[in-house]
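Have a look at the structure below, then the notes.
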Amino acid sequence: MTDASSRAAELLKEHRDSIDRLDAVLVYTLAERFKHTQAVGRLKAEHALPPSDPLRESQQIERLQRMALDADLDPEFAKNFLNFIIGEVIQHHKKHQS
Ligand SMILES: O=C(O)C(=O)C[C@]1(C(=O)O)C=C[C@@H](O)C=C1
């Protein structure tokens, strides 16, 4: 192995270690978020509230897109990602109500 290729292998490993650490943060963060949304789902079912709240969603999307721009993340990606998670939450809420 040349010096350049062993340095590249070292850098690749460092990046992958960071990616693994950040993936763990994502999983634990998502799990914590779902714990809160499950509690919200129970509250909504107990009080006959609708599973989705479009006004709240548009506020969340707007806020997330502002943060994404600030963080140098594609705001369209951030929006799609949040919409995907919220879609999943709404399915869970609907199950609580049925
Ligand atoms: O805040 C709520 O009312 C929720 O049910 C949580 C949540 C979310 O996942 O953030 C999910 C569905 C709603 O449409 C809005 C937001």
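The values are calculated or read from the model by the stated rules, or taken from the named source; none is laboratory data. Small disclaimer: the values here were computed from a predicted structure and weren't measured. Heads up, the Cβs are rebuilt from the backbone with ideal geometry, glycines too, and the neighbour counts pull from every protein chain shown. Accessible surface is based on the protein model in full, side chains and every heavy atom, while ligands, DNA and RNA are left aside. Shrake-Rupley method; radii C 1.70, N 1.55, O 1.52, S 1.80 Å.
The figures follow:
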quantity: Residue check for LYS79: among the basic types (Lys, Arg) and within 12 Å of the ligand (Cβ to nearest atom); calculated: no
quantity: Cβ-Cβ under 7 Å pairs, at least 6 apart or on other chains, the range 29-44 side under 17 Å from GLN97 (Cα atoms), far side open to solvent by less than 70 Å² (accessible area, probe 1.4 Å) and within 11 Å of the ligand (Cβ to nearest atom); calculated: THR37/VAL89; THR37/HIS92; GLN38/HIS92; GLY41/HIS92; GLY41/HIS93; LYS44/PRO51; LYS44/HIS93
quantity: Extreme residue, surrounded by the fewest Cβ atoms within 10 Å (Cβ to Cβ), among residues of the range 39-54 that are over 19 Å from THR29 (Cα atoms) and within 10 Å of the ligand (Cβ to nearest atom); calculated: PRO54
quantity: Qualifying residue in the range 13-32 (condition: hydrophobic (A, V, I, L, M, F, W, C), in a helix (DSSP H, G or I) and near the ligand (Cβ under 10 Å from one of its atoms)); calculated: no
quantity: Which listed residue, of GLU10, GLU62, GLU14, GLU57, is open to solvent by less than 90 Å² (accessible area, probe 1.4 Å), of a type in the set (Asp, Glu) and either closer than 20 Å to ASN80 by Cβ or more than 21 Å from the chain's Cα centre (by Cα) (or both); calculated: GLU57
